[in-house]
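Asks: Please read through the structure below; I'll follow up with questions.
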Amino acid sequence: LLLRWRRRRGLWRKVKEARQRQERSLVQMEMAVRRFREQHPSVSMVSILSLPLPELSKKLRDGSLPPEHVFYAYVGKALQIATETNCITEYLQESETQLRKAKLTGKLGLLYGVPVSIKDSINCQGHDSTLGFIKNLNKPVAEDSVVVQVLRRQGAIPFVKTNVPQSLISYDCKNLIFGQTFNPLLYTRSPGGSSGGEGALVGGGGSILGFGTDVGGSLRFPAAFCGICALKPTGNRLSRECSLLVSLPVVAAVGPMAKDVESLALCMRALLCEDMFSLDSTVPPLPFNEEVYCSTQPLHIGYYETDFFTMPSPAMRRAVQETKKLLEDAGHTLVPFELTNVDRVVFNFCIRGMFADGGASFLSKFKGELEKSSMGLFFWLAKSPNWLKTVLSWIAKPFAPKESLSQQPWGSTSTPPTTSAFPLQEFCYQFIAQWKKLNLDVMLCPMLGPALSIGYPGKLSVAVSYTMLYNILDFPTGVVPVTMVTDEDEEELKGYQGYFRDWWDCTLAKAFRGSVGLPVAVQCVALPWQEELCLRFMKEVETL
């Protein structure tokens, strides 16, 4: 008991030190902005913050806007948003040194002088990548991840790291070290996750370009919840070197978040360069295809309003219907697409694949941590023997089908990780065959929304069905906000019962309530390696 008390005391000491570092970071940001304003009282911060990324980048490169003006304008705004939402975990003070050196270099990259924010799990030299775990504190990484290296070579200035949920396997944004991050649009709502700190910072205007990771919707949830755009590329289109909790059966991806689609396109132009291909030889040398992105040919677009597993909210369904109508009026062809077996796909490839060893490796990551409640159900099930999961699944099936599915046996510590019960390759072939049969270019899909109330994402892990599908398939997928929740949506929500009418459906209805005025997005999907076509479709949706 004494040893356990001493260990817990040591862990709480580390948490306290980390929070003090976070507070010092905010103080450093405040002092840096104050110094700049004293030296340059006539600089209009508001006019700089109002510029979209393409225009801002152009002004920085042609010299009409000094990089230090832009940098300190965003440091000041980021400080304000961090104070309101608790989204920043660390200020990268070396960014001020990089800013001074940037003016001395002759080469101006596409992102010259642009301040960018980085998710906690993406490595920045000399800084922790905690994943929300206390054990990862005070372990600064030795070098930048490839994406950060390329950003620096393109002239971008990483200036803050942002908050994540413990383990990243959540679409909320809370951990014991830095606490809960709030949605900048409504503080009682979650910003989404696991790139929730990025979503809150970019959504609040404190960063013009942010970078996160996506293993089940971790870029798309924050973008949709905070009313911004994001792109989850094909897994290996960009180097995906980052810190992850466990090896995953789905492909992780690193991607950008911004206020508009053109900013995402500029970012991809900058990153898909020789530096990216030489630093990471696993990334195929495919430069950005300008011709595809700028094409004006009418598109053949598949669409669906529901996955028949998680019933869409009235606003989600309306978002797809209204976007479909606008696309048809613009001369595009819309074709219904029917989804099947989404529940089995999500369970077999994600839950069973992730916990194929019976949850042993997953549990080991939490060993010695002070809090495990962020993973709630998963953590409890990982500790349960397979016979108990089987019994619970059988008991729950008649009145809680979704819960029954998650409680089926996962695997055992004696068997190697496999998803053979539902072959992944076969499912991908079937999906692409249906896509080709309908002669589709892209797909329009629902995106979970509006933002759920804080605390609800942890209770509603099954609601990742709309996003997880495209991690399983490894298709590039973007999110574009298209509408806001109306009073009519709120009234219609009173009749929401879900497909299974179980506890999960009832809880999801509660999480959606009181959302009038919050943004609702759609997903835009293309086939693997067709990010330019995905962005072109996103741009079309955004413009209409």
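The values are calculated or read from the model by the stated rules, or taken from the named source; none is laboratory data. These numbers were taken from a predicted model, which means no experiment stands behind them. With ideal geometry, Cβ positions are generated from the backbone for all residues, glycine too; neighbour counts draw on all protein chains shown. Quick note on the areas: whole protein, heavy atoms, side chains included, nothing else; ligands and nucleic acids left out. Shrake-Rupley method; radii C 1.70, N 1.55, O 1.52, S 1.80 Å.
Asks: With all protein chains present, how much of the accessible area of region 1-288 (probe radius 1.4 Å) comes from carbon and sulfur, to the nearest whole percent? Could you put the intermediate results ahead of the total?
Replies: Numbers: 5670 of 10530 Å².
Here carbon and sulfur together make up 54 percent of the probe-accessible area.
Asks: In percent, how large is the relative contact order of the chain, given Cα pairs closer than 8 Å and 6 or more residues apart?
Replies: Answer for the chain is 15 percent.
Asks: For region 155-308, what are Rg and Dmax over the alpha carbons, in angstrom?
Replies: Every Cα atom of region 155-308 included, Rg and Dmax give 16.2, 50 Å.
Asks: Only Cα pairs under 8 Å and at least 6 apart count here; give the relative contact order of region 12-80 as a rounded whole percent.
Replies: Averaging sequence separation for qualifying contacts and normalising by length gives 44 percent for region 12-80.
Asks: Whole number in Å², please: accessible area per residue of the chain, 1.4 Å probe, ligands, DNA and RNA not counted.
Replies: Per-residue accessible area for the chain comes out at 39 Å².
Asks: Amide H neighbours of Lys119 under 5 Å, counting only residues 5+ apart in sequence or on other chains, H built in-plane at 1.01 Å?
Replies: Sorted by chain and number, the residues that satisfy this are Thr162, Phe211.
Asks: What is the Cα coordinate range of the chain on the first, second and third principal axes, sorted by size from largest, in whole angstrom?
Replies: 73, 69, 49
Asks: If amide H atoms are built 1.01 Å from N in the plane of the peptide, which residues on other chains or at least 5 residues away come under 5 Å of the amide H of Met484?
Replies: Distant-sequence amide H within range of Met484: Val520.
Asks: For a quick check: with amide H placed at 1.01 Å from N, whose amide H comes under 5 Å from Arg189's, ignoring anything fewer than 5 positions away on the same chain?
Replies: Result for Arg189 returns Asn183, Ile454.
Asks: If you add up the charges near Gly204, with Lys and Arg at +1 and Asp and Glu at -1, over every other residue whose beta carbon is less than 9 angstrom from its beta carbon, what do you get?
Replies: Here the charged neighbours net out to 0.
Asks: So how much slack lies between Arg513 and Ser278, counting 0.36 nm per residue of separation and subtracting their Cα-Cα distance, in nm? Intermediate results must be reported in sequence, preceding the final value.
Replies: Numbers: separation 235, 0.36 × 235 = 84.60 nm, distance 4.91 nm.
Working it through step by step, the gained length comes to 79.7 nm.
Asks: Any idea what diffusion coefficient region 77-154 gets from Stokes-Einstein, in µm²/s, Kirkwood Rh on alpha carbon pairs, 20 °C, 1.002 mPa s?
Replies: 153
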